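K.L.:
Got a structure here, written out as structure tokens. Questions coming.
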Amino acid sequence: MTTAVGTAGPLRFDLPADLSATEPPEASGRRRDDVRLLASWRHTGAVAHHRFADLPDLLAPGDVVVVNTSGTLAAAVPAERAGGSQLEVHVSTRLPGAPAAPPGAEPWVVELRTPLAGGASAPHRSATPGEVLALPGGAAAEVVSAWPPSWPAAAGSRLWLAVLRTPDPVPAWLERHGRPIRYRYVDRDWPLDAYQTVFATEPGSVEMPSAARPFTPEVVTRLVARGVDVAPIVLHCGVASLEEGERPYAEQYRVPADTARRIELARANGGRVIAIGTTVVRALETVVDEGGPVHPGAGWTELVVTPERGVRAVDGLVTGWHEPAASHLLLLEAVAGRPLLEASYTAALAHGYRWHEFGDSHLILP
């Protein structure tokens, strides 16, 4: 059962280890859309239990579903320190606003990890600015400084600014030498295809925009047949394993003009805007006027959506289940409100919903 601590911070609760989804549903012969879907309604406070394949029946003709078409990179690579000890580097995000770098030398935010038995890893908090890590294929990473610069040095940092020196552009180099990022609750490696959504067209995310993972061509076809529009945006996700106290950092996004037009058309005709994932919320809320229309736009967003700020472009949300006290829960609270969010998490815990990227889903409707 959830244990909320006030209303000023993210929701807190105890998450049993056995509620972590350790493998994709396909591993047991099921379809991607055969995960569970908890639907919740803000205006009534009701919750109901469904399968993800039921999603088209829960939406209405004239609604627009906005999806993230960013594809996932194989962003985890082994690294070796000068003394021979082993690390793992999770390549995350090219530094926004960085000056032009020489060919083959790019500034990136990376996460340093300590390899664990079984192929998982844990955050590594000690690095020395100026040290060079040897990477596969003759590449190297020179550690520059902790990231973000405001992070207190005494706390140690798991994120670092590093210059990656690679023989090819970083995405192409990762394709040859990387593997998908995974965490200790997933007990084996899965191929990169397991971390791609049906909408992926433009590689750039280092962690999958996982809210869209349960979509199948059949679900998309049924949405369109029901009169629900499906419109794309792009937001390239960085590492999402934020710790308590860490704010989401800048990510690259693009909202096409046609998508902005289709959103405004749906709103004008009484339709609802349903974001598929927190990444979509972040992109759309970046380009909406206060009380006004959604505009096309592209660049880097540093927006942090909170209950105090609220949402202006989005009416509903499909998302996964998030860790206790995670910053994403503040975004969910901005969409759902605190009472519904608490009721939804209480129901999910009581009914054994599964967490993380291979787990179950949550639909929040107005």
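K.L.:
Between residues in region 189-200 that are under 16 Å from ALA27 (Cα atoms) and residues that are in a loop (DSSP other than H, G, I, E, B) and of a type in the set (Gly, Ala, Ser), which pairs lie under 6 Å by C-beta distance while being six or more apart or on different chains?
P.N.:
LEU192/ALA74
Here's the yes/no breakdown for (1) more than 24 Å from LEU192 (Cα to Cα); (2) out of contact with any Phe, Trp or Tyr (no Cβ under 9 Å at 6 or more places or on another chain); (3) modelled with pLDDT of 95 or more:
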| residue | (1), (2), (3) |
| --- | --- |
| ARG12 | yes, yes, no |
| ARG30 | no, yes, yes |
| ASP33 | no, no, yes |
| GLY83 | yes, yes, no |
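K.L.:
Take region 273-296 and flag every residue that is over 27 Å from ALA343 (Cα atoms) and in a loop (DSSP other than H, G, I, E, B).
P.N.:
Those that are over 27 Å from ALA343 (Cα atoms) and in a loop (DSSP other than H, G, I, E, B): VAL287, ASP289, GLU290, GLY291, GLY292, PRO293, HIS295, PRO296.
K.L.:
Output the number of the condition that ARG184 fails; it satisfies all remaining conditions of (1) at pLDDT 95 or above; (2) part of a loop (DSSP other than H, G, I, E, B).
P.N.:
It fails just one condition, (1).
K.L.:
Hey, another quick one. Would you call LEU265 in a loop (DSSP other than H, G, I, E, B) and surrounded by fewer than 24 Cβ atoms within 10 Å (Cβ to Cβ)?
P.N.:
So LEU265 fails the test.
K.L.:
Hey, could you check region 154-189 for residues that are charged (D, E, K, R) and surrounded by fewer than 16 Cβ atoms within 10 Å (Cβ to Cβ) and say which is nearest to LEU87 (Cα to Cα)?
P.N.:
Filtering region 154-189 down to residues charged (D, E, K, R) leaves 158, 165, 168, 175-176, 179, 182, 184, 187-189.
So of that shortlist, the ones also surrounded by fewer than 16 Cβ atoms within 10 Å (Cβ to Cβ) come out as 168, 175-176, 184, 187-189.
Working: ASP168: 22, GLU175: 19, ARG176: 19, ARG184: 15, ASP187: 19, ARG188: 18, ASP189: 17 Å.
The residue in question is ARG184.
K.L.:
If I ask for residues that are small (Gly, Ala, Ser) and either surrounded by fewer than 23 Cβ atoms within 10 Å (Cβ to Cβ) or assigned to a loop (DSSP other than H, G, I, E, B) (or both), which ones from region 190-209 would you list?
P.N.:
Result: ALA194, ALA200, GLY204.
K.L.:
Sticking with this one: Could you grab the pairs with beta carbons closer than 7 Å, sequence gap of 6+ or different chains, first residue in region 272-290 and assigned by TED's automatic domain parsing to the domain that holds ASN68, second one among the aromatic types (Phe, Trp, Tyr) and modelled with pLDDT of 95 or more?
P.N.:
From residues that are assigned by TED's automatic domain parsing to the domain that holds ASN68, the pairs are ALA283/TYR253; THR286/TYR253.
K.L.:
Within region 5-52, which residues are out of contact with any His (no Cβ under 6 Å at 6 or more places or on another chain), assigned to a strand (DSSP E or B) and under 21 Å from SER327 (Cα atoms)?
P.N.:
If the condition is that a residue be out of contact with any His (no Cβ under 6 Å at 6 or more places or on another chain), assigned to a strand (DSSP E or B) and under 21 Å from SER327 (Cα atoms), then PHE13, SER40 are the ones that fit.
K.L.:
Right, here's the next one. Taking region 203-220 as the search range and keeping residues that are modelled with pLDDT of 95 or more and of a type in the set (D, E, K, R), which one is farthest from the chain's Cα centre (by Cα)?
P.N.:
Checking each candidate, the answer is GLU218.
K.L.:
Also, I was wondering about something else. Just give me the residues in region 308-352 being part of a loop (DSSP other than H, G, I, E, B) and either touching a Ser or Thr at 6+ places or on another chain (Cβ under 8 Å) or among the hydrophobic types (A, V, I, L, M, F, W, C) (or both), in sequence order.
P.N.:
Start the filter on region 308-352 by keeping residues that are part of a loop (DSSP other than H, G, I, E, B), which leaves 308-315, 320-327, 337, 351-352.
Scanning region 308-352 gives VAL311, ALA313, VAL314, GLY320, TRP321, ALA325, ALA326.
K.L.:
Within region 317-327, can one find any residue that is in the same structural domain as HIS50 (by TED's automatic domain parsing), free of Cβ contacts under 8 Å to residues at least 40 places away in the same chain and within 30 Å of ALA27 (Cβ to Cβ)?
P.N.:
Looking through region 317-327, at least one residue is in the same structural domain as HIS50 (by TED's automatic domain parsing), free of Cβ contacts under 8 Å to residues at least 40 places away in the same chain and within 30 Å of ALA27 (Cβ to Cβ).
K.L.:
Considering only region 313-329, I want to know if a residue exists there that is among the hydroxyl-bearing types (Ser, Thr, Tyr) and closer than 20 Å to VAL47 by Cβ.
P.N.:
yes
K.L.:
Identify the residue in region 70-95 that is in contact with a helix residue (DSSP H, G or I) (Cβ under 9 Å, 6 or more places away or on another chain) and hydroxyl-bearing (Ser, Thr, Tyr) and, among all such residues, is nearest to ASP315 (Cα to Cα).
P.N.:
SER70
K.L.:
I'm trying to understand the selection: among the residues of region 297-307, which are surrounded by fewer than 23 Cβ atoms within 10 Å (Cβ to Cβ), part of a loop (DSSP other than H, G, I, E, B) and not polar (S, T, N, Q)?
P.N.:
GLU302, LEU303, VAL304, PRO307
The values are calculated or read from the model by the stated rules, or taken from the named source; none is laboratory data. This one's a predicted model, so the numbers in the text were calculated from it and none came from an experiment. Cβ coordinates were reconstructed from backbone atoms using ideal geometry, including for glycine residues, and neighbour counts include every protein chain displayed.
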